[in-house]
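The values are calculated or read from the model by the stated rules, or taken from the named source; none is laboratory data. Predicted, not measured: the structure shown is a model, and the values here were computed from it. Positions of Cβ are generated from backbone atoms using ideal geometry, with glycine treated the same way; all protein chains shown enter the neighbour counts. Please note that ligands, DNA and RNA were not included when accessible areas were found on the heavy atoms of the full protein model with its side chains. Shrake-Rupley method; radii C 1.70, N 1.55, O 1.52, S 1.80 Å.
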Amino acid sequence: MRHTILIILLTLAAAASAQTDRQFIREGNRQYRSKQYEKAEVSYRKALSKNNDNPQANYNLGCALMMQQKDSAAIEQYKKAAALEKEKSRLAMVYHNVGVIMQNHQQYADAIEAYKQSLRNNPHDNETRYNLALCQQLLKNQPQQNKNQNQNQNKDQNKDKKKDQDKDKDKNDKDKNDKDKNDKQQQQPQQEQMSKENAEQLLNVAIQEEKATQQRINKAMQKSNRKSNQKNW
């Protein structure tokens, strides 16, 4: 993606009352060129503390903030610079950089408006024109990209839903197996208990039958003895 920011270097002589903020701006410009953006920010803020209506200080502070990825704060400074700046070529630079920030955040509609505003102030800026055409194309493609993203999100949601269903099925199967196992384990002691009780009942019946049989035998023997005795006597 082809886009750059533009920085204003103070070249015009300032009035005597503005010498101090001019010095801070120059100091900030040296730091900016050395990529010392935090130090440049401090210098530009010092310039604004001396003259808050200095459009160059506001604009250059926006550039230093932008290079530190403080985009929201940079936009605020560019707005202040645009409200103060009267020279069209500088206004074009302000709106160009606003467009770059919006383009970086994929806010293509806002970027397009900023680039158009830049071209109104400088129709001969080919870089701004290129960025404008690029954002217009990206904006056309954005609905399809959003549609594809939504489709992918739906696919992921369906996959997650199926995974959850499979997990629920596995859990239900496991619960059913555990229940069957528990039922069998519960039935086994009951069956063993019933078998033991049946065996005891059968044994008692056998004992009773044996007693009854023994009683009948004893009675028969007693009768036999009585008869024998009677006979022998």
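The table below gives the values:
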| quantity | calculated |
| --- | --- |
| For segment 111-124, 3J(HN,Hα) per residue [Karplus equation, 6.51 cos²θ - 1.76 cosθ + 1.60, θ = phi - 60°, Hz, x = Gly/Pro] | 4, 4, 5, 5, 5, 4, 5, 5, 5, 5, 8, 8, x, 9 |
| Summed side-chain charge close to Asn122 - residues other than Asn122 whose Cβ falls under 15 Å, Lys, Arg +1, Asp, Glu -1 | +2 |
| Accessible surface, per residue, of segment 29-136 when the full set of protein chains is kept, probe 1.4 Å, Å² | 50 |
| Over 20 Å (Cα to Cα) - which of Lys35/Lys86; Lys35/Lys70; Lys79/Lys116; Lys46/Lys86; Lys88/Lys140; Lys79/Lys140 fall in this group | Lys35/Lys86; Lys46/Lys86; Lys88/Lys140; Lys79/Lys140 |
| Approximate shape of segment 23-142 as ellipsoid semi-axes (Cα gyration tensor, √5λ), whole Å, largest first | 26, 15, 11 |
| Charge context of Leu61, other residues only, Cβ under 11 angstrom, K/R +1, D/E -1 | +2 |
| Net charge, Gln107 excluded, C-beta distance under 14 Å - Lys, Arg +1, Asp, Glu -1 | -3 |
| Relative packing of 56-64, 71-79, 22-30, which averages over residues the other C-beta atoms within 10 Å, highest first | 56-64, 22-30, 71-79 |
| Packing rank of 117-126, 89-98, where each peptide gets the mean count of other beta carbons within 10 Å, highest leading | 89-98, 117-126 |
